[in-house]
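One structure follows; several queries about it will come next.
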Amino acid sequence: MSSDAPPSTAVSAAPSRKEPPPEEPHDVRRRSYVILSFWLIVLLLGLPIWWHTTAIYRASLPLDEMGEWADWKACRPVFPLRIAVQASTMQDGEGQNLVKLTQHALDDLNDFSWHHLRLDLIPPVPVEPHAAEADVALTIRLIPGEPMEATLHPHLPILDIKYPPNSPPTPSSSSSPLATFIARELRSKFAEERAIISALLSKELRPARSMQYSPTYHLTFSLFTSGSTPNTWEIENAISEYMRPVLDILRPIHNFTIDTQVQLYATPGVQSQSLEKEDLASFINAAEWPLSPSIAGAPTINFVVYIGNQTIGTSSKSWMIPQWGSVYLLDSQENPVGVDELKQPLLTFTSHLLSLLGTPESGSLPLKLSTLSRVRSADLLLRASSTLGSLARLSLALPSISIPSSVADGVSKTMKELELACQNLGNVQGLEHARIAEQEAEKAFFEKSMVGQLYFPDEHKIAVYLPLLGPVGVPLIIGLINELKLWRKARKG
């Protein structure tokens, strides 16, 4: 065979790409209608439903007025205290001139414009505990005698002032040592109240000894013993005899609930033969001392009587723990512990209770309680106004947060009660209005729907919508783009 024959060439023809058959016109229209129907459903039905269900309702709030309350521009708190003066032994002209000169002296000495003492000459009438006028903060009884001195009644809001017979000013006098003496005594009696109210209104930080205000406090009386005895105590009778009168006087300001408990074999956390003030930490250890918790949301004030085998330190038998309560170390072997033995612990607890509630340290009990009413009014007024300001700043800082109509109603009620409280500062009505204002302001600020949105910012919505919009939106958008391309191609062809 000849090797010169040309090699056979193999021609491999690549298979040609097979095009799909052309779509029928009715199929094209059907696909277009399907895509169009999806978009119509999204635009005409889906978007309105989404907009309606996710729309944020923001009730209109009087932000300017709320800011004025927060800045003390809507109300200038003034505590007018009426001081009744009885001058039965003086002539009418002498008594009236003495009141006028004393008022001038008070005005000259007054360096706190929000606290006004107003003197009022009244006819001589016997002052009984049940006959004292509600709007009179203090009654001054002028009694002739030597030397010139002032004595505060321990159980009534009465200040007895002795004066020499020749000291009353004549109707034509322009000055009087007696008037100056009375003015200085009045200033000293209300000095602590002025300091407390001034600190509140100027928002100064004060030692946090007293409890935060609450309409109701729960009092827990606990007897802790280191052994099996004593295991009973006559605490109910002791409370009724020694503490109940003070609790009844405090009723216009606070309500109290009471429970008692006895804990046997309770030992302090310190291994010492003598208990001192430094060992108080063991008494408030919740893990070792099972004290009753707060009931129904009311703050609890604990009063603990401890009877143990340790020696009580000579410095003191009782100590007050700020914002917690009081501990009394009692040396008793009787079982049950009688009312007489509980007298001193209950009197001590009563004194500590008044301190924990924020009463002044000086003055008689009636003056302390009237001061407490005014201090609580100022405190509640300040807290309600501050809460309104915080709510206004919150609504401006978070424009996407919803404001339900209940919040607007609460703000309206708060400002109405604040106006009434501001008009009645210094009396029981002012305290009641301030209490309602503070409750309404707190209720509006801590509205459930608003609090939930504080922890759901706008950034979190991306994590919610992306898993939904991705699988649904991408096919719709791609289908729409393809249809637009085919439509343009058909127009050009």
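If you take the residues in region 215-228 that are in a loop (DSSP other than H, G, I, E, B) and surrounded by fewer than 14 Cβ atoms within 10 Å (Cβ to Cβ), which one is modelled with the highest pLDDT?
My answer is Pro215.
Looking at Thr180, Thr225 in this structure, which one is over 27 Å from the mean Cα position of the chain (by Cα), farther than 30 Å from Leu342 by Cα and touching a residue at least 24 places away in the same chain (Cβ under 8 Å)?
Thr180
Residue by residue, here is whether (1) under 30 Å from Leu178 (Cα atoms); (2) assigned to a helix (DSSP H, G or I) holds:
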{"position": "Leu36", "(1), (2)": "no, yes"}
{"position": "Leu44", "(1), (2)": "no, yes"}
{"position": "Thr53", "(1), (2)": "no, yes"}
{"position": "Leu61", "(1), (2)": "no, no"}
{"position": "Met66", "(1), (2)": "no, yes"}
{"position": "Trp72", "(1), (2)": "no, no"}
{"position": "Arg76", "(1), (2)": "no, no"}
{"position": "Ala84", "(1), (2)": "yes, no"}
{"position": "His104", "(1), (2)": "yes, yes"}
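Continuing with the same structure: Can you name the residue in region 86-96 that is surrounded by 13 or more Cβ atoms within 10 Å (Cβ to Cβ) and assigned to a helix (DSSP H, G or I) and, of all such residues, is modelled with the lowest pLDDT?
This residue is Gly93.
So, one more: Just to be sure before I move on: is Asp108 surrounded by fewer than 11 Cβ atoms within 10 Å (Cβ to Cβ), farther than 30 Å from Lys461 by Cα and not assigned by TED's automatic domain parsing to the domain that holds Ile477 in the structure I sent?
yes
Hey, any hits in region 388-407 for a residue that's more than 27 Å from Ala195 (Cβ to Cβ), assigned to a loop (DSSP other than H, G, I, E, B) and of a type in the set (Gly, Ala, Ser)?
Yes - at least one qualifying residue is present in region 388-407.
Determine if region 130-139 includes at least one residue that is assigned to a loop (DSSP other than H, G, I, E, B) and without any contact (Cβ under 8 Å) to a residue 12 or more places away in the chain.
Yes; the residues of region 130-139 include at least one that is assigned to a loop (DSSP other than H, G, I, E, B) and without any contact (Cβ under 8 Å) to a residue 12 or more places away in the chain.
Could you go through region 439-455 and let me know if any residue there is among the hydrophobic types (A, V, I, L, M, F, W, C), surrounded by 14 or more Cβ atoms within 10 Å (Cβ to Cβ) and either modelled with pLDDT under 90 or more than 19 Å from the chain's Cα centre (by Cα) (or both).
Looking through region 439-455, at least one residue is among the hydrophobic types (A, V, I, L, M, F, W, C), surrounded by 14 or more Cβ atoms within 10 Å (Cβ to Cβ) and either modelled with pLDDT under 90 or more than 19 Å from the chain's Cα centre (by Cα) (or both).
Also: What do you reckon, is Ser60 hydroxyl-bearing (Ser, Thr, Tyr), closer than 30 Å to Ser385 by Cβ and in contact (Cβ under 8 Å) with a residue 24 or more places away in the chain?
Yes, satisfied.
Which ones in region 97-136 are modelled with pLDDT of 80 or more and among the polar types (S, T, N, Q)?
Asn97, Thr102, Gln103
Just one of Ala437, Ala421, Ala378 is under 30 Å from Ala195 (Cβ atoms), touching a residue at least 40 places away in the same chain (Cβ under 8 Å) and in contact with a strand residue (DSSP E or B) (Cβ under 8 Å, 6 or more places away or on another chain); which is it?
Ala378 is the lone residue from the list that is under 30 Å from Ala195 (Cβ atoms), touching a residue at least 40 places away in the same chain (Cβ under 8 Å) and in contact with a strand residue (DSSP E or B) (Cβ under 8 Å, 6 or more places away or on another chain).
Condition (residue is out of contact with any Ser or Thr (no Cβ under 8 Å at 6 or more places or on another chain), surrounded by fewer than 12 Cβ atoms within 10 Å (Cβ to Cβ), at pLDDT below 90 and under 30 Å from Ser373 (Cα atoms)) applied to region 262-282: is it met by at least one residue?
No.
Please enumerate the residues belonging to region 164-181 that are hydrophobic (A, V, I, L, M, F, W, C) and touching a strand residue (DSSP E or B) at 6+ places or on another chain (Cβ under 6 Å).
Within region 164-181, Leu178 is the sole residue that qualifies.
Given the conditions (1) closer than 18 Å to Trp319 by Cα; (2) in a helix (DSSP H, G or I), and given that Ala384 satisfies all but one, which numbered condition is not satisfied?
Unmet for Ala384, out of (1) closer than 18 Å to Trp319 by Cα; (2) in a helix (DSSP H, G or I): (1).
Follow-up. So which residues in region 388-428 are surrounded by 17 or more Cβ atoms within 10 Å (Cβ to Cβ), among the β-branched types (Val, Ile, Thr) and over 22 Å from His460 (Cβ atoms)?
Val407, Val411, Thr414
When region 396-423 is examined, which residues are found to be in contact with a Lys or Arg (Cβ under 8 Å, 6 or more places away or on another chain), hydroxyl-bearing (Ser, Thr, Tyr) and either closer than 15 Å to Glu440 by Cβ or modelled with pLDDT of 90 or more (or both)?
Across region 396-423, there are no qualifying residues.
Please go through (1) assigned to a helix (DSSP H, G or I); (2) surrounded by 20 or more Cβ atoms within 10 Å (Cβ to Cβ) for Thr359 and return the number of the only condition it doesn't satisfy.
It fails just one condition, (1).
Now a separate question. Within region 153-166, can one find any residue that is in a loop (DSSP other than H, G, I, E, B) and among the β-branched types (Val, Ile, Thr)?
Among the residues of region 153-166, not one is in a loop (DSSP other than H, G, I, E, B) and among the β-branched types (Val, Ile, Thr), which makes the answer no.
Suppose we filter Ala84, Ala70 for residues that are on the phi < 0 side of the Ramachandran plot and in the same structural domain as Ser373 (by TED's automatic domain parsing); which single one remains?
Residue meeting the stated conditions: Ala70.
The values are calculated or read from the model by the stated rules, or taken from the named source; none is laboratory data. Being a predicted model, the structure only gives us computed values, none of them experimental. Cβ: placed from backbone, ideal geometry, glycine included. Neighbour counts: every protein chain shown.
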